[in-house]
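Here the structure is laid out as structure tokens; the discussion comes afterwards.
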Amino acid sequence: MSDRPTPYNSKNTDAIANQNLETRDLKSMSGLNYEQGSLFSEATQRNRLHDSSPIYTMGSQSLQSWKQAIAKYQSAITKAIPVRQTSLFDLPSNHCDPDAIDPFKLPIQPAEFYRLPSADSGDACIYFVIDFTKLELPVLLYIGETCRSHQRWKGVHDCKRYVLNYRELHTTHNLPTQIVMTFWWDAPSATRPRQQLERTLIEKWRSPFNKENWNFWGTPFVN
């Protein structure tokens with residue numbers, strides 16, 4: 001898939017709204033009926049701005065509507081996660097079920113965790129970047145994988161730029177935000193299975209900072 005930003009415009013919205021993608025995805029998990037059209041009300045669509053304009057022109061209402069639409073979709077996914085009676089800690093270390101992973105219920109770490117002292121390069125994991133703002137539904141912004149949890153974010157990472165843009169826009173509009181990270185430590189140590197798990201989770205949760213989902217949510221923080 002190309003890294004070229006996808007315009008977040010009314011044509012894209014109309015095309016997406018005509019596809020009942022949520023119904024297809026969620027029915028397979030729990031029979032939940034969740035229509036694509038319900039993601040954006042008419043008022044929301046009127047207030048949204050095209051991200052072909054500079055990021056700083058995205059208004060406060062547009063930003064909040066964007067977040068609420070994603071949070072609503074992800075909340076439906078959370079409710080569809082099956083309850084497991086067997087503890088995951090009793091399963092083999094290379095076993096991981098994407099339908100049993102709830103990023104919002106994993107232990108929270110600060111977004112700047114990589115700056116903390118570490119004796120080694122870390123372990124293999126799936127990691128999640130989340131806005132856990134109080135009094136609002138959390139928003140899962142990004143999903144990634146690594147075999148070196150303490151080193152992955154120390155260098156150049158596109159998501160760090162997206163998060164910076166996201167924070168700056170919230171500051172501009174005097175809106176609260178709290179970026180944190182959570183980690184799934186049962187990820188396979190082998191690269192290919194771990195990347196496959198990552199792709200499955202990205203598709204499932206539709207995290208907006210992952211390029212695979214830009215066609216759903218647009219790219220207001222990529223440029």
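Would you be able to say whether some residue in region 181-188 is touching a residue at least 60 places away in the same chain (Cβ under 8 Å), β-branched (V, I, T), at negative phi and crowded, with 16+ Cβ neighbours inside 10 Å? Within region 181-188 (the criterion being touching a residue at least 60 places away in the same chain (Cβ under 8 Å), β-branched (V, I, T), at negative phi and crowded, with 16+ Cβ neighbours inside 10 Å), the answer is yes, since at least one residue qualifies. Any idea which of (1) in contact with a Cys (Cβ under 7 Å, 6 or more places away or on another chain); (2) under 25 Å from K134 (Cα atoms); (3) at pLDDT below 95 is the one D186 doesn't satisfy? D186 satisfies every listed condition except (2). Of all residues in region 65-77, those that are in contact (Cβ under 8 Å) with a residue 40 or more places away in the chain have Cβ atoms under 7 Å from Cβ atoms of residues that are of a type in the set (S, T, N, Q), 6 or more apart or on another chain, in A69/T44.
If you go through region 118-137 and keep only what is crowded, with 19+ Cβ neighbours inside 10 Å and either out of contact with any strand residue (DSSP E or B) (no Cβ under 9 Å at 6 or more places or on another chain) or at pLDDT 90 or above (or both), you end up with I126, Y127, F128, V129, I130, D131. When residues in region 154-209 are screened for being under 25 Å from L137 (Cβ atoms) and part of a loop (DSSP other than H, G, I, E, B), 10 of them pass.
D102 falls short of the stated requirement of being farther than 17 Å from T182 by Cα, modelled with pLDDT of 65 or more and open to solvent by less than 90 Å² (accessible area, probe 1.4 Å).
The values are calculated or read from the model by the stated rules, or taken from the named source; none is laboratory data. Remember, predicted model here, so these are calculated numbers, not experimental data. FYI the Cβ positions are ideal-geometry reconstructions off the backbone, even for glycines, and counts take in every protein chain you see. Note: areas computed on protein heavy atoms with side chains; ligands, DNA, RNA excluded. Shrake-Rupley method; radii C 1.70, N 1.55, O 1.52, S 1.80 Å.
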